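These notes concern the structure reproduced below.
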Amino acid sequence: ARVWTGFNGQDLRGNIEEKGELNGVDPMRFDAQWRDHFPKMGLNGQYIGHGLPLCADLPSEHFLKKGAVYRLMGRTSQSDLQRDQESESWRDNGEAVQFMVDAESELHAALCKEVDGYCTFPAVVTLDHDLESCTGLECQVDTVRTVELVNGFNYEYVRRPCVHQAFYEDAKIIKSRKRRNRIPRFMCANPGVDDAQAACCKNSRPERAWREQSYFGERVVFETAKARCAARDRFEMCIEPDSLNVRDCELGACENDGFYWADLAEGCTLQAKIREDGRVAVVHSQTSQENLSTVVDHVGEDTKSFFVVNWNDRSGLSELLGNCGTPESICTKTEDESCLCPVEVVSKPAFEASSLPTSSTEVLDLPYAAIGVPALEFKNGSVTVHTSGTVDIDAVFQVTDHTGKTCYRKNLLSTVFIRTTALSFLNPIHTISVAEPNVRDVLAETEEAINQLFHNTNTAPFIAIRMAQRFGVSNPSPRYVNEIATAFRMGRYSFAGESYGSGKYGNLGATIAAVLLDSEARDSLLDADPYHGSVREPLIKVLHVMRALDFKADPAAPYPILKNMASRIKQMAHAIPNVFSFFKPEFEADGVIASSSLVSPEAAAHNTPEIINLCNGLISLIKYGLVNCADNFGTTLAGHKSRCSGRKRGRFKDGSSGHLTFSMPEGDADSVVNKLATLLTSGRLNQHSRGIIKDSYLNAGPEEGPVKAQELIVTTAEFHTTGTTTKDGDDRPTLSLPPATARGYKATIFVMLAGGIDSFNIVTPHTCDNNLVDQYERERRSVMLSREEREKHVIDAEGQPCTKFS
């Protein structure tokens with residue numbers, strides 16, 4: 001659930017017809033600051049990002065390697081994906097130092113894609129091979145962000161998705177620049193990741209700090225920052241960057257200037273803050289007591305950003321938490337009653353030469369993808385092992401997963417130990433940098449979360465059941481589900497000598513072919529099976545009538561409007577009531593369906609009021625066309641009366657915005673009824689109903705008879721379901737009401753609010769022997785209820801942490 005945070009609606013566009021201010025058409029945009037940056041446990045005990053490479057493992061000049069992606073930005077250099085380029089100062093700033101690509105470089109040629117002497121500027125460029133060499137500035141930087149070609153067009157480099165370890169050794173300090181009325185903040189960062197900028201101080205004086213960058217917004221790794229400062233006479237890396245060169249700030253480059261590497265000898269310390277349920281948060285602290293700064297909130301000691309970890313010993317964890325804060329414990333208690341412990345990260349080979357993996361399952365449990373494959377290789381069962389001579393952490397295992405994809409995993413196991421104990425957990429990973437959160441990595445995390453769902457082994461049968469239900473089989477047999485699921489997994493389906501699909505996992509062409517061409521979907525004998533088929537969706541039935549009976553819109557209203565469908569029949573296109581759609585796929589209708597352990601999803605939209613509204617609306621449509629009366633679904637044309645009292649059945653010249661134009665076949669009554677039965681029930685209409693409709697047709701006469709027949713057929717069971725029915729002649733059982741009683745009862749009242757509910761302000765501590773009142777005020781801060789507000793409604797409590805609550 002924590003993946004689905006940080007979403008905002010797009011602004012309205014002029015070509016979207018929308019009454020309010022909500023853009024319900026375009027995909028939502030991300031705000032990286034509002035996304036949870038920390039590890040998120042996904043499926044099967046694996047974190048989101050499982051199977052991606054470590055960001056610290058990305059090779060030098062990775063922006064010139066095979067697979068590097070660039071997206072066209074046109075004449076602007078302002079990025080959509082980089083956090084610090086959101087300010088207006090990036091637009092039309094002639095002084096901004098951009099990364100200029102040398103016109104003679106291979107990168108320029110790859111982005112230009114010259115044809116007949118002119119650049120074609122593809123919207124997206126993916127390098128299909130490693131560029132042989134760098135040119136000019138390309139050789140001096142760790143990465144690029146936005147690059148400008150010689151003709152003024154810009155591309156943005158989209159770094160490949162990668163993961164960060166929550167805990168790591170040799171952490172370095174990164175600090176924000178000291179500004180007027182703002183205290184500099186610090187946090188820890190991995191020195192091997194380009195998460196910060198270089199700030200060099202002259203003669204170790206922080207007030208003489210200079211930004212050492214090759215282009216605006218450049219990020220470098222720690223060693224690059226140190227080397228650049230050392231290359232300048234009498235300069236070294238700043239301990240605390242105070243006032244960066246004023247020239248840069250005048251040009252707007254200090255609006256969102258991020259963090260800077262600080263060269264503190266003792267570095268930075270990462271600790272584990274452990275909650276009573278075993279969840280962990282990361283706490284950063286400055287090892288040295290000199291040049292202290294304030295830690296960034298979400299990695300401070302009072303952080304609430306906890307996440308799930310896989311502990312090796314739950315009983316040992318309970319013992320640790322029970323002893324926390326005692327003299328013999330290495331851990332200390334925090335103000336919010338959590339346990340703060342020092343940790344040690346141990347990295348070692350996941351497999352030794354004597355115990356190599358033999359199956360893909362063992363390999364795919366390894367969390368890190370490999371970048372680059374060693375030259376030596378040999379087979380071990382279904383696993384191909386790549387080494388440089390020894391099986392160490394740089395060895396790579398190659399396997400094929402259940403979707404047919406070739407995967408390469410690094411032989412690395414990273415474990416976090418509570419210092420001086422045997423208690424440990426696997427090092428969590430996350431795709432979003434805690435130091436440099438940006439939209440690029442939020443997009444990558446979202447994609448990885450979807451990939452975990454998409455490639456899960458349960459997805460194929462899940463999709464198979466849903467597809468079968470949507471195409472008319474509410475209770476598909478296990479064999480039918482397996483056929484569809486296999487087509488989804490294999491990406492191919494064969495029928496009558498024809499092959500459908502691309503052969504790739506998840507191909508919907510093959511999936512739909514299996515849904516429609518399997519015998520369970522085609523065999524008409526199954527129509528008589530009461531366990532087969534489905535109730536039809538309400539909107540589908542309305543559109544079926546309009547298409548089958550040749551609906552024609554009036555020229556004055558070429559785009560007919562179906563009004564209030566969501567409230568009247570519980571369904572309308574593009575108007576799902578919530579994220580769970582119009583009905584649940586596992587819904588069991590009361591009666592024989594539920595007692596037979598069957599499901600009927602569409603029955604959830606067929607309560608008595610909706611059934612009456614649907615039938616009345618269809619009958620009114622058949623009688624009068626689309627008008628605004630007689631329970632109709634339509635609207636009456638302007639200038640015409642909306643009353644239906646004076647209208648005649650089958651007369652459509654009284655202001656209807658459209659009507660059915662189907663012409664009845666010539667011949668006897670049987671021909672008319674049979675034709676309608678074919679069009680509206682696929683010929684499944686039983687003989688008893690045909691007889692009733694025939695008699696009504698004959699009694700109504702040649703003018704109103706055809707309309708009467710249409711009205712009756714849309715009320716039959718065969719029209720509303722996909723099966724056949726047989727009349728048994730029995731009366732429906734009479735239901736008897738339960739006897740009334742004078743016994744009292746309690747009613748549960750649900751208050752449904754749009755959006756979330758602030759549960760911490762529903763019940764608040766009032767009178768407590770512990771520190772709960774102080775903790776509430778400290779944690780809630782500006783969003784807490786004032787003491788005056790909490791005095792208005794006070795309740796007594798027994799057996800609770802407080803004797804009174806507000």
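Below is a table of values for the structure above.
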| read-out | value |
| --- | --- |
| Accessible area (Å², 1.4 Å probe, nearest 10) - Leu698 | 100 |
| Euclidean distance of C-alpha centroids, the stretch 182-218 and the stretch 135-173, integer Å | 16 |
| Calculated FRET efficiency for the pair Asn578/Asp336, C-beta based, R₀ 30 Å, to 0.05 | 0.30 |
| The stretch 332-394, relative contact order in percent, only Cα pairs under 8 angstrom and at least six apart counted | 31 |
| Where only C-alpha atoms are counted, convex hull volume of the stretch 699-750 per residue in Å³ | 263 |
| Per-residue SASA entry for Thr421, accessible area with 1.4 Å probe, Å² rounded to 10 | 50 |
| Scattering curve values for the stretch 497-583, log₁₀ I(q)/I(0), Debye with Cα scatterers, q = 0.12, 0.21, 0.26 Å⁻¹ | -0.67, -1.09, -1.18 |
| Under the Debye formula (equal points on every Cα, no solvent term), log10 I(q)/I(0) of the stretch 697-806 at q = 0.24 Å⁻¹ | -1.30 |
| P(r) tail fraction, the stretch 546-650 - alpha-carbon pairs more than 22 Å apart, % | 44 |
| Radius, Kirkwood style, for the stretch 418-562 when every pair of distinct Cα atoms is counted (Å) | 19.6 |
| Reduced Cα scattering model of the stretch 272-348, Debye log10 I(q)/I(0), q = 0.16, 0.23, 0.25, 0.27 Å⁻¹ | -0.64, -1.17, -1.29, -1.38 |
| Normalised convex hull volume, the stretch 743-787, alpha-carbon set, Å³ per residue | 127 |
| Fraction of accessible area attributable to carbon and sulfur, the chain (%, probe 1.4 Å) | 52 |
| Separation of alpha-carbon centers, the stretch 368-391 and the stretch 17-68, rounded to whole Å | 29 |
| Violating pairs (Cα-Cα greater than 23 angstrom) within the set Lys40/Lys504; Lys379/Lys410; Lys675/Lys708; Lys694/Lys727; Lys541/Lys584; Lys584/Lys727 | Lys40/Lys504; Lys584/Lys727 |
| Cα gyration tensor of the stretch 651-743 - equivalent ellipsoid semi-axes, whole Å, descending | 34, 19, 13 |
| Rg(Cα)/(2.2 N^0.38 Å) for the stretch 569-724, N = residue count | 1.19 |
| Computed Rg/Rh of the stretch 501-546, alpha carbon atoms with Kirkwood Rh | 1.11 |
| Per residue, the convex hull volume that the Cα atoms of the chain enclose (Å³) | 291 |
| Cα lying deepest toward the dipole's positive end in the chain, options Cys55, Ala669, Met73, charges on Cβ | Ala669 |
| Rounded to the nearest 20 debye, dipole of the stretch 710-806 from Cβ charges on Lys, Arg, Asp, Glu | 260 |
| Dimensionless Rg over Rh [the stretch 289-447; C-alpha; Kirkwood] | 1.05 |
| Contact order relative to length of the chain, as percent, for alpha carbon pairs under 8 angstrom and 6 or more apart | 9 |
| Alpha-carbon centroid distance for the pair the stretch 601-616 / the stretch 453-493, whole angstrom | 28 |
| Size of charge dipole - the chain - debye, nearest 20, with Cβ of Lys, Arg +1 and Asp, Glu -1, no other charges | 2500 |
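The values are calculated or read from the model by the stated rules, or taken from the named source; none is laboratory data. Since this is a predicted model, take the numbers as computed values, not measurements. Cβ coordinates were reconstructed from backbone atoms using ideal geometry, including for glycine residues, and neighbour counts include every protein chain displayed. Side chains included, ligands, DNA and RNA excluded: accessible areas come from the protein's heavy atoms. Shrake-Rupley method; radii C 1.70, N 1.55, O 1.52, S 1.80 Å.
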